[in-house]
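Take a look at the structure below.
Every number here is computed from the coordinates shown, using simple stated rules; none is lab data. Bear in mind the structure is a predicted one, so any value in this text is a computation, not a measurement. Glycine also receives a Cβ, built like all others from the backbone with ideal geometry; neighbour counts cover every protein chain displayed.
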Amino acid sequence: MMAPLLLFIHCSEGQDSNVQENLALAEFPAAESAVARRRVGIVAASRFPAPRGSQVHIGEMANALARSGESVHLIGPLDPRAAEGLYRRHPLSRMAKFRPRPSVSGLHLLERPFFDSLLVGRLFQVVRRERLQILHAHNYEALAASLLVRGMLGVKVVYHAHNVAEDELPLYSPDWLASSVRASARKMDGVLPAMADAVVALSADVGDHLVGRGVSAEKVWIIPPGLDPEPFQAGRREKRERAVVFAGNCDGYQNLQHLFRAWEIVAASDPQAELRIVTHARGAALKRWRCSALGPRIHFVEAQALSEVAAELGRARVGVSPRVSWSGFPIKNLNYMAAGLPTVALGASAKGVLDGISGWVVNSDEPADFASCMLEALASPAESGRRGAAAYQRVLAEHCWDSLIEPLLECSQSVEERQGLHLVPRADPRNLPDNAEGDFSLQRVSSERFPL
């Protein structure tokens, strides 16, 4: 699927500029006044909604843009039964089951080209009918579809890089294919993002990587993911138990085997501690992980609703993030922070976590080192509370949509006025609270830009 898409996109990129301009003018009227609503599309290639980090981020962003006054349209393999909210939904089909499977491994990969082709057709239809001006494409398949439609209709494309292919794709391939997949993914990182009119990276290291692969620095914006902390507020008032919590899917890149090996050490040292794996996985997938879990007092909790996840986080003392993939921004870290939990994270997945301030960052692949930090968090409720309070303050200061929507809107405008590499500044760690008490009011993140 990707090869013909790239060929078509390259051909479209080479069209005469007058043809491109005429296509755009044929579909879109002259620029509306400053008070008019910008018509934007958010393009997703994975089933939606789903309790996974990327889909949660897409839904949060759609709501934030709609609240800001944009006319927002979400296009992708959506559940047609979902009610319309602040934005309009455009599913591929009226049949709820006519969507890609949640798994992206094995034979399930073979159905993706079919759904990607449907996405291109549906996207073309919606862009033309709704006269969309900008497409926010999330991940590579959505980007490829958006670039194809841009070649036909002239709509602008902003690519949202949730990760980089060179880091992510080998995790889904067998070991004997990993090197070949990594080489192909490296080329992909240097081709597709460079074709977008602007690129939003969720972290500076992803922005650096894409610039290093040939993406113009003038196109790249660094805007971290946002989160609505309200669903987690009730959990912050719960009594903390002697529990460690992992909340997320059970895919291989989560590195749960490392967590289980570390937990054997924790369980032997602290007979009262328990590990709770909170996941939406069910059926055979959940049974497989139950069988592979090492150590006593490991409890698997199925949670399909955000309220169920929030309740589990509210009872724990510390959250964990053992994944080794460096390019993604674990939304679970933001969930922990919003629930007032500190996080023990491997260095690769410690985005949003400040070592010694809002959590523990483990720059070692030894299970004993990960276990040591979990034991420290369990044995020191006051210290865990202090770091959890700092984590909550940090999510308010840097990851609330009230703070992030302005640079996101500026990014949409930057497709017309390229202004260089931008970074939403982080809060100064020295200004974070030293204890768990206090009224943590919302702080706005300045939209002032800083070069990397």
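Neighbour counts of other Cβ atoms within 10 Å put Glu230, Glu383, Glu168, Glu111 in the fewest-to-most order Glu230, Glu111, Glu383, Glu168.
For a paramagnetic label modelled at 7 Å from the Cα of Glu383 toward its Cβ, which residues of the range 315-345 fall within the zone defined by backbone nitrogen distances under 17 Å? Answer for this model: 317-320, 341-345. By other beta-carbon atoms within 10 Å, ranking Thr279, Thr343 with the fewest at the front produces Thr279, Thr343. With R₀ set to 41 Å, the beta-carbon distance separating Ala268 from Arg182 gives a calculated FRET efficiency near 0.65. Peptides 221-229, 121-129 ordered by packing proxy, namely the average of other Cβ atoms within 10 Å per residue, highest first: 221-229, 121-129.
With a 10 Å Cβ neighbour count serving as the proxy for reagent exposure, in which order, fewest first, do Ser321, Ser307 appear?
In order of increasing Cβ crowding within 10 Å: Ser307, Ser321.
Full extension of the segment from Ser93 to Glu406, taken as 0.36 nm per residue of separation minus the current Cα-Cα distance, would add 109.3 nm.
If R0 is taken as 30 Å, the Cβ-Cβ distance between Arg128 and Ser173 corresponds to a FRET efficiency of 0.25.
By definition, a body whose alpha carbon gyration tensor gives a ≥ b ≥ c is oblate when a/c is 1.5 or more and a/b is not larger than b/c, and the range 178-265 fits this oblate description. For the pair Arg81 and Asp208, the difference between a 0.36 nm per residue extended length and the Cα-Cα distance amounts to 41.7 nm. Simple spin-label estimate for Gln304 and Arg67 gives 2.7 nm between the two label positions (7 Å along the Cα-to-Cβ direction from each Cα).
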